[in-house]
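Below: one structure, written as structure tokens.
The values are calculated or read from the model by the stated rules, or taken from the named source; none is laboratory data. Keep in mind that this is a model prediction, so the values were computed, not measured. We place every Cβ from the backbone using ideal geometry, glycine too, and count neighbours over all the protein chains shown.
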Amino acid sequence: MAAHGKANALIFHTTVSRFSNLVTDLDTIAAIGFDGIELGANKLEAYLASGYGADDLKALLEDVYVPGMGFLTDIERQGRQASEMYARADALFELATLSGAQGVQVLTGPVDVRSVVEWTHTGRTDRYAGVLGLPHARQIAVTAKNLARLADMAAERGLVLYLEALSWAPVSGIDKSIQLIDAAGRDNVKIVIDYWHCHTSGVTPDDIAKLDPRLIHGVHVCDSLPFPGGIPDEQVLRDVPTGEGVIDLQQWTDAVKATGYRGWWSCELFCRKQQQQNAATVAAQLKRLLARLVA
């Protein structure tokens with residue numbers, strides 16, 4: 001494991017190469033010159049499930065900078081669902097340790113936007129609802145209690161949790177993220193600045209520029225189609241090449257830099273056409289874009 005990345009490290013996100021395997025991704029970042037990789041648990045698990053062992057995985061990633069790994073969903077779960085979540089968290093933290101990742105991404109929920117749509121329209125849903133319908137203070141308290149326990153589990157392995165509050169979820173946006181982190185009261189919980197989730201939850205670049213840089217673990221540089229308001233649908237709105245949407249990427253990047261942040265920048269991608277193209281070609285384009293934005 002490469003323990004530390006350089007300032008303003010340019011990071012490959014495995015969504016760019018959604019349909020390729022871990023080894024191919026590592027070949028891609030080496031050939032193109034990325035500074036590291038933000039891993040997905042799905043590719044790590046597929047590698048191990050094929051018959052490779054933990055030592056193989058450690059050796060494969062020994063010299064690779066891995067600032068983070070995704071992800072644990074619906075962190076507000078209760079009851080039996082909470083037990084399942086903690087079991088999944090333990091498995092993810094083990095994967096992160098094996099791969100040398102510095103942190104694990106955690107998401108507020110419901111991750112399924114249809115739950116929010118149905119709840120908003122009818123006041124109920126048969127899908128997982130999370131904290132929908134609860135008073136705001138209760139939403140924060142319930143989620144923070146879980147987040148604190150998850151942070152303690154992560155701390156035992158020397159890991160950071162980096163929070164992404166989904167823009168369609170009841171706990172969304174930067175202000176609520178900070179409330180949640182403050183309520184959890186754990187030093188190893190930070191946030192990831194995701195341009196799309198910020199844009200679609202009403203956060204502005206000015207809001208970002210006021211943040212304490214010590215709170216920011218990483219940045220997801222991504223774009224959006226026009227958002228008319230209402231409940232944002234990720235599958236629709238993020239289906240655009242980064243740099244060809246409506247988000248002013250330079251303005252958002254400058255806002256993050258204005259905080260004094262000098263960490264890593266990851267090229268998360270949800271454009272379905274690009275995910276069907278040559279991943280190395282798309283990755284090279286994204287690296288050039290990141291370099292231009294961050295320079």
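For this structure, a couple of remarks:
Conditions tested, residue by residue: (1) modelled with pLDDT of 95 or more; (2) charged (D, E, K, R); (3) crowded, with 16+ Cβ neighbours inside 10 Å; (4) closer than 27 Å to GLU45 by Cβ.
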residue: LEU107; (1), (2), (3), (4): yes, no, yes, yes
residue: PRO110; (1), (2), (3), (4): yes, no, yes, yes
residue: LEU132; (1), (2), (3), (4): yes, no, yes, no
residue: ALA144; (1), (2), (3), (4): yes, no, yes, no
residue: ARG149; (1), (2), (3), (4): yes, yes, yes, yes
residue: ASP152; (1), (2), (3), (4): yes, yes, no, yes
residue: GLY158; (1), (2), (3), (4): yes, no, no, yes
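- Note on the stretch 237-295: among residues that are assigned to a loop (DSSP other than H, G, I, E, B) and of a type in the set (Gly, Ala, Ser), the one that is nearest to the chain's Cα centre (by Cα) is GLY263.
- Residues of the stretch 29-56 that are touching a residue at least 60 places away in the same chain (Cβ under 8 Å), part of a helix (DSSP H, G or I) and touching a strand residue (DSSP E or B) at 6+ places or on another chain (Cβ under 7 Å): ILE29 alone.
- Residue pairs whose Cβ atoms lie under 8 Å apart, separated by 6 or more positions or on different chains, with the first residue in the stretch 63-78 and farther than 21 Å from ALA148 by Cα and touching a residue at least 24 places away in the same chain (Cβ under 8 Å) and the second surrounded by fewer than 22 Cβ atoms within 10 Å (Cβ to Cβ) and charged (D, E, K, R), are TYR65/ASP35.
- VAL246 meets each of the listed conditions (1) over 12 Å from CYS198 (Cβ atoms); (2) in contact with a His (Cβ under 9 Å, 6 or more places away or on another chain); (3) buried (at least 16 other Cβ atoms within 10 Å of the Cβ) apart from (3).
- Just one of the listed residues (ALA82, ALA59, ALA89) is without any contact (Cβ under 8 Å) to a residue 60 or more places away in the chain, in a helix (DSSP H, G or I), surrounded by fewer than 22 Cβ atoms within 10 Å (Cβ to Cβ) and small (Gly, Ala, Ser), namely ALA59.
- The residue pairs whose first member lies in the stretch 275-295 and is under 12 Å from TRP265 (Cα atoms), whose second member is assigned to a helix (DSSP H, G or I), and whose beta carbons are closer than 7 Å, counting only pairs six or more residues apart or on different chains, are LYS287/ILE32; LEU293/LEU249; LEU293/GLN250; LEU293/THR253; VAL294/THR253.
- Condition met for ASN8 (on the phi > 0 side of the Ramachandran plot and touching a residue at least 24 places away in the same chain (Cβ under 8 Å)): yes
- Residue satisfying all of: in the stretch 112-130; β-branched (Val, Ile, Thr) and exposed (fewer than 15 other Cβ atoms within 10 Å of the Cβ); nearest to the chain's Cα centre (by Cα) among these: THR120
- The number of residues in the stretch 100-132 that are part of a loop (DSSP other than H, G, I, E, B), in contact with a Ser or Thr (Cβ under 8 Å, 6 or more places away or on another chain) and aliphatic (A, V, I, L, M) comes to 4.
- Some residue of the stretch 12-22 being at pLDDT 95 or above and either acidic (Asp, Glu) or within 30 Å of ARG138 (Cβ to Cβ) (or both): no
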